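Asks: Dumping the structure here so I can ask a few things about it.
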Amino acid sequence: MKKIVVLGANGQLGKTIKNLDEFDGVEFHFFSRVDLDITDKNKLATILANAGFDYCINCAAYTNVENAEENTEEAFKINAEGARNIAEVCNTNGIKLIHISTDYVFDGKNKEPYTVNDITNPINEYGKSKLQGELYIKEELDHYYIIRTSWLYSLYGKNFLKTVIGKIENDEVLNITTEEEGTPTSCIDLSEFILHIIKEDTLPYGIYHFSANGSTTWYGFAKEIVRNFKPEKLDNIKPIEKFKTRAKRPNYSVLDLNKTEEFYKELLSWEENLRFVFKSYKNK
Ligand SMILES: NC(=O)c1ccc[n+]([C@@H]2O[C@H](COP(=O)([O-])OP(=O)(O)OC[C@H]3O[C@@H](n4cnc5c(N)ncnc54)[C@H](OP(=O)(O)O)[C@@H]3O)[C@@H](O)[C@H]2O)c1
């Protein structure tokens, strides 16, 4: 039986892991921010010491990309220093770390999917803080998996899928940008990959990219959500070229999945994954 500690358990990814129904061979221990703040290194050290954890999954992060432009110190405290705390404590206690990072470590100037070896160059404070977190982990720890993912969505918390559903329920018209290209990633899909790493227990340490296959724009994603949810409202989604935001966003952040596909054969298209999430939504 592998013993796993999950940090940031009340976020959308943490909640998705909690709701997985495949728990054979793994015993999860969930800690929300209230139970364990990752900026409190002493508490982290106390809880993780001598508890026999095999893996730590870090789902905790400062994820508000817009606010990170102003609350930069807070974003770095959580995404960089917090990640360093976790790495140090994992190192001391022989725990393997699975840490989630982001496509926003790239500047978006590529014309083809970013590989794990491509040069990072974040263009907003959130991306910079997440990259610093990656660098600290690499410095502190050998036994780590850093999984960069993109455009996460689920039925929990605040995310693009839920925003679009809420507004369509109110029959609002939505102007959505066609400027950025990326890949929507279902938290269920990412959670299954994380579980795969743990169960296999043999994947080489290092950085992995994880998303569904294919790519789209936020406009394309919104259209596909409405097509699954209420196709009669498709005309409520209107394309606009630019959506004004405080934080700069990479124009192109599609992740190359070749390395991941060497070890994991389950990747579907983002459209198929979205259909799967809607199936569970309708069965609720
Ligand atoms: N969302 C995306 O589109 C996206 C895309 C790429 C990568 N990622 C990465 O994927 C991971 C999971 O993201 P998510 O979408 O699940 O984020 P989320 O829903 O915002 O969840 C993050 C969780 O971290 C908790 N947290 C914040 N500060 C903490 C601290 N100091 N100590 C302990 N917990 C803390 C938050 O608690 P409170 O709610 O109480 O603040 C929240 O429950 C993150 O590393 C994120 O950077 C996300």
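Asks: Taking the condition under 21 Å from the mean Cα position of the chain (by Cα), open to solvent by less than 50 Å² (accessible area, probe 1.4 Å) and more than 27 Å from LYS130 (Cα to Cα), does GLU224 pass?
Replies: yes
Asks: Is region 100-110 home to any residue that is open to solvent by less than 10 Å² (accessible area, probe 1.4 Å), over 16 Å from ILE38 (Cα atoms), within 12 Å of the ligand (Cβ to nearest atom) and aromatic (Phe, Trp, Tyr)?
Replies: Yes.
Asks: Restricting region 175-218 to residues that are part of a loop (DSSP other than H, G, I, E, B) and charged (D, E, K, R), which is nearest to the chain's Cα centre (by Cα)?
Replies: Taking the candidates together, the pick is GLU180.
Asks: So the check is Cβ under 7 Å with 6+ separation or different chains; which pairs have a first residue in region 1-28 that's more than 18 Å from CYS90 (Cβ to Cβ) and a second one that's of a type in the set (A, V, I, L, M) and open to solvent by 30 Å² or more (accessible area, probe 1.4 Å)?
Replies: Final answer for the pair search is GLN12/LEU152; LEU13/LEU152; THR16/ILE188; GLY25/MET1.
Asks: Could you tell me how many of the residues in region 1-12 are in contact with a Gly (Cβ under 9 Å, 6 or more places away or on another chain) and either within 26 Å of PRO184 (Cβ to Cβ) or loosely packed, with under 14 Cβ neighbours inside 10 Å (or both)?
Replies: 7
Asks: Sort out which residues of region 14-49 are within 11 Å of the ligand (Cβ to nearest atom), farther than 28 Å from HIS196 by Cβ and either under 22 Å from the mean Cα position of the chain (by Cα) or open to solvent by less than 50 Å² (accessible area, probe 1.4 Å) (or both), and write them in order of number.
Replies: VAL34, ASP37, THR39
Asks: GLU200 fails exactly one of the following numbered conditions: (1) out of contact with any helix residue (DSSP H, G or I) (no Cβ under 8 Å at 6 or more places or on another chain); (2) open to solvent by 10 Å² or more (accessible area, probe 1.4 Å). What is the number of that condition?
Replies: Exception for GLU200: condition (1).
Asks: So, in region 142-174, how many residues would count as being over 22 Å from ILE240 (Cβ atoms) and either in contact with a Leu (Cβ under 6 Å, 6 or more places away or on another chain) or near the ligand (Cβ under 8 Å from one of its atoms) (or both)?
Replies: 7
Asks: If you don't mind, there's one more thing I want to ask. When you check THR217 against the structure, is it more than 20 Å from ILE17 (Cα to Cα) and open to solvent by 50 Å² or more (accessible area, probe 1.4 Å), yes or no?
Replies: Judged against the criteria, THR217 is not a match.
Asks: Between a first residue in region 150-179 that is more than 17 Å from LEU190 (Cα to Cα) and a second residue that is small (Gly, Ala, Ser) and within 16 Å of the ligand (Cβ to nearest atom), which pairs have beta carbons less than 7 Å apart while being 6 or more apart in sequence or on different chains?
Replies: VAL164/ALA222; LEU174/ALA222; ILE176/ALA222
Asks: State the number of residues belonging to region 50-67 that are more than 21 Å from the chain's Cα centre (by Cα) and under 30 Å from ILE123 (Cβ atoms).
Replies: The qualifying residues number 0.
Asks: With more than 15 Å from the ligand (Cβ to nearest atom) and of a type outside the set (Val, Ile, Thr) as the only criterion, which of GLY52, GLY127 stands out?
Replies: GLY52
Asks: Just give me the residues in region 143-187 being within 21 Å of CYS56 (Cα to Cα) and surrounded by fewer than 17 Cβ atoms within 10 Å (Cβ to Cβ), in sequence order.
Replies: Across region 143-187, the qualifying residue is only HIS143.
Asks: Please specify each residue of region 234-284 satisfying the condition of being open to solvent by less than 80 Å² (accessible area, probe 1.4 Å), touching a helix residue (DSSP H, G or I) at 6+ places or on another chain (Cβ under 9 Å), modelled with pLDDT of 95 or more and not aliphatic (A, V, I, L, M).
Replies: Matches in region 234-284: ASN236, PRO239, ARG249, PRO250, SER253, THR260, PHE263, TYR264, TRP270, GLU271, ASN273.
The values are calculated or read from the model by the stated rules, or taken from the named source; none is laboratory data. Remember, it's a predicted structure, so these values are computed and weren't measured experimentally. As a convention, Cβ positions derive from the backbone with ideal geometry for all residues, glycine included, and neighbour counts pool all protein chains shown. Side chains included, ligands, DNA and RNA excluded: accessible areas come from the protein's heavy atoms. Shrake-Rupley method; radii C 1.70, N 1.55, O 1.52, S 1.80 Å.
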